[in-house]
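Contents: one structure, followed by commentary.
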Amino acid sequence: MDERSSRLLEECRRDAVAWTGQLVRLNSENPPGGELACARRCGEILTELGMDVTIDEFAPGRANVTAFAGERERLGSVWNGHLDTVPAKDGWEDPPFGAVVRDGSLWGRGSADMKSGCAAMMAAAKYILRSGAQLRRGLALTLVADEECVNQGALRLRQTTPLTAAACVVCEPTRLQVHYGNRGFTSYYVRTYGRSCHGCEPWKGVNAIYKMADILQDVRALNENGDGPSNTVKGLVKMLNPEFNPEHYEDAQFLGRGTCTTSQIFYTSPSRCAVADSCSISIDRRMTAGETWDSCLEEIRQLPSVKKYGDDVKVSMYMYDRPAWTGTVYETECFFPTWINKAGAAHVQALVDAHHALWGEERIGHADADESKDAMHLRTGRPLTDKWTFSTNCVSIQGRYGIPCVGFGPGAESQAHAPNEITWKQDLVTCAALYAAAIPLYKPENKTADVTEFRQSLTDNDIK
């Protein structure tokens, strides 16, 4: 590693680790949603760096941070992260908000997903601004709320602070790979209707839960079945097969098959002594290339059990309508499109070139005899470029709004939402250095019109 790279790593090291610890210690579980303390701390840091900072408090306890350097109206790139985390729940060996540093790792809720990415981008911004580097175009850092509640922070950011940028770097965990694709996400609501009666004579009623029991088995089959002629319900794996997905099966093989799972269940009944008169479920649906919002919706409607019960079953897409801080309601479809960029696109190649300039072809990371604390077993033998398995703000930023995205972040996807969540200190340094190094390597003038390999179409519903 050359002298410049060494100086860059050392400049970023202390701040990236310290700021991650500070943010982890601030509980921002969502729900209930309490990102404001994290937003204010990030605002303090970025203001001290001389950036033009705005904190948009769109609901109690929730806030988006936007910080600009250089030409605000002529942005070269946006860096994005989220400040909220899922709840810590049970199973922790150390306090989930203790930010314990041990054996090269930092432990705590949000350490991987994704306060470490937020800290790394702020450390990179500090280096860029304090080193005297010239920004040929403006730079924006966006640290948003409500990502864990279906990317609402990215939506509100777009609605309250419109951004037009050549590219966006999303700092979610990637195992230090450059990610240029993301499966899309939608969520469906299925409700069955019955007729209540006293529980002592259940034959006089119609139990909505029993109807839903049949539907649950078909939803499970949709996720688990194969696509052969013997499968009455053909599984989602079919989209990897050119027979069922002739135009996009190769893109689907890159992203991975779509998935669905029942994530919530609800019921109504007059009492515990009565037959249930309705039952509802939420379905989490991850979409691969070749699937559309309406094809996925129709897929549920065509399940044998759904058709069997006819008008006693309703299938719809969830809508989100949480009020903004002004009280305005942004009605939003729960549909976030699948996308893939070309591997050679200018904004993707800038990160690849920065990695090669700093560390060559070799993947790097913390090595530990304990596999649970080891980063390298997740990276050895894996390509430098890949895609995410879970959803990120990219499904809003690129999927909805068409701003080309690329991902590079500390930590591993496998740590997200897990007890004893960890990230690796070396990853923080690596990411901060790469973010800073990629800025001069990215040339917006090299951006071409064909940057996108695949992008799912939006709905034709009149939602603003």
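The values are calculated or read from the model by the stated rules, or taken from the named source; none is laboratory data. Note that the structure is a prediction, hence the values are computed from the model and not measured. Counting neighbours? That spans all protein chains shown, and the Cβs are built from the backbone with ideal geometry, glycine included. Areas reflect the complete protein model, heavy atoms only, side chains present, ligands, DNA and RNA absent. Shrake-Rupley method; radii C 1.70, N 1.55, O 1.52, S 1.80 Å.
For LEU141, the stated conditions do not hold, so it cannot be described as within 25 Å of ALA346 (Cα to Cα), modelled with pLDDT of 85 or more and part of a loop (DSSP other than H, G, I, E, B). For the stretch 26-39, the count of residues that are open to solvent by less than 10 Å² (accessible area, probe 1.4 Å), modelled with pLDDT of 95 or more, part of a helix (DSSP H, G or I) and under 20 Å from THR430 (Cβ atoms) is zero. Any chance the stretch 318-332 includes a residue that's open to solvent by less than 30 Å² (accessible area, probe 1.4 Å) and either assigned to a helix (DSSP H, G or I) or under 30 Å from GLU250 (Cβ atoms) (or both)? Taking every residue of the stretch 318-332 in turn, none turns out to be open to solvent by less than 30 Å² (accessible area, probe 1.4 Å) and either assigned to a helix (DSSP H, G or I) or under 30 Å from GLU250 (Cβ atoms) (or both). Selection within the stretch 82-113: residues that are part of a strand (DSSP E or B) and farther than 14 Å from LEU26 by Cα. The member of this set that is farthest from the chain's Cα centre (by Cα) is ARG102.
If you go through the stretch 40-97 and keep only what is touching a residue at least 40 places away in the same chain (Cβ under 8 Å) and small (Gly, Ala, Ser), you end up with GLY50, ALA59, ALA63, ALA67, ALA69, GLY70, GLY76, SER77, GLY81, ALA88, GLY91. In summary, SER372 fulfils each of the numbered conditions (1) touching a strand residue (DSSP E or B) at 6+ places or on another chain (Cβ under 7 Å); (2) of a type in the set (Ser, Thr, Tyr); (3) outside any strand (DSSP E or B) with the single exception of condition (1).
The number of residues in the stretch 366-418 that are over 20 Å from SER116 (Cα atoms) and hydroxyl-bearing (Ser, Thr, Tyr) comes to 4.
Only a single criterion out of (1) open to solvent by less than 20 Å² (accessible area, probe 1.4 Å); (2) modelled with pLDDT under 90 is not satisfied by ARG379, namely (2). In summary, ASP386 fulfils each of the numbered conditions (1) touching a strand residue (DSSP E or B) at 6+ places or on another chain (Cβ under 7 Å); (2) in a helix (DSSP H, G or I) with the single exception of condition (2).
For the stretch 244-301, filtering for residues that are closer than 24 Å to ASP386 by Cβ, open to solvent by 30 Å² or more (accessible area, probe 1.4 Å) and of a type in the set (A, V, I, L, M, F, W, C) leaves 1. Of the residues making up the stretch 42-78, those that are in a helix (DSSP H, G or I) and either modelled with pLDDT under 85 or open to solvent by 60 Å² or more (accessible area, probe 1.4 Å) (or both) are GLU44, THR47, GLU48. For the stretch 308-330, the set of residues classified as modelled with pLDDT of 65 or more and hydroxyl-bearing (Ser, Thr, Tyr) consists of TYR309, SER316, TYR318, TYR320, TYR330, listed by residue number. Set side by side, the residues PHE254, PHE244, PHE266 differ, and just one is part of a loop (DSSP other than H, G, I, E, B) and aromatic (Phe, Trp, Tyr), which is PHE244.
If you go through the stretch 406-425 one residue at a time, do you hit one that is among the hydrophobic types (A, V, I, L, M, F, W, C), in contact with a strand residue (DSSP E or B) (Cβ under 6 Å, 6 or more places away or on another chain) and either more than 18 Å from ASN80 (Cβ to Cβ) or assigned to a helix (DSSP H, G or I) (or both)? For the stretch 406-425, residues among the hydrophobic types (A, V, I, L, M, F, W, C), in contact with a strand residue (DSSP E or B) (Cβ under 6 Å, 6 or more places away or on another chain) and either more than 18 Å from ASN80 (Cβ to Cβ) or assigned to a helix (DSSP H, G or I) (or both): present.
Remark: ASP214 falls outside the filter, which requires a residue to be in contact with an Asp or Glu (Cβ under 9 Å, 6 or more places away or on another chain) and touching a residue at least 40 places away in the same chain (Cβ under 8 Å).
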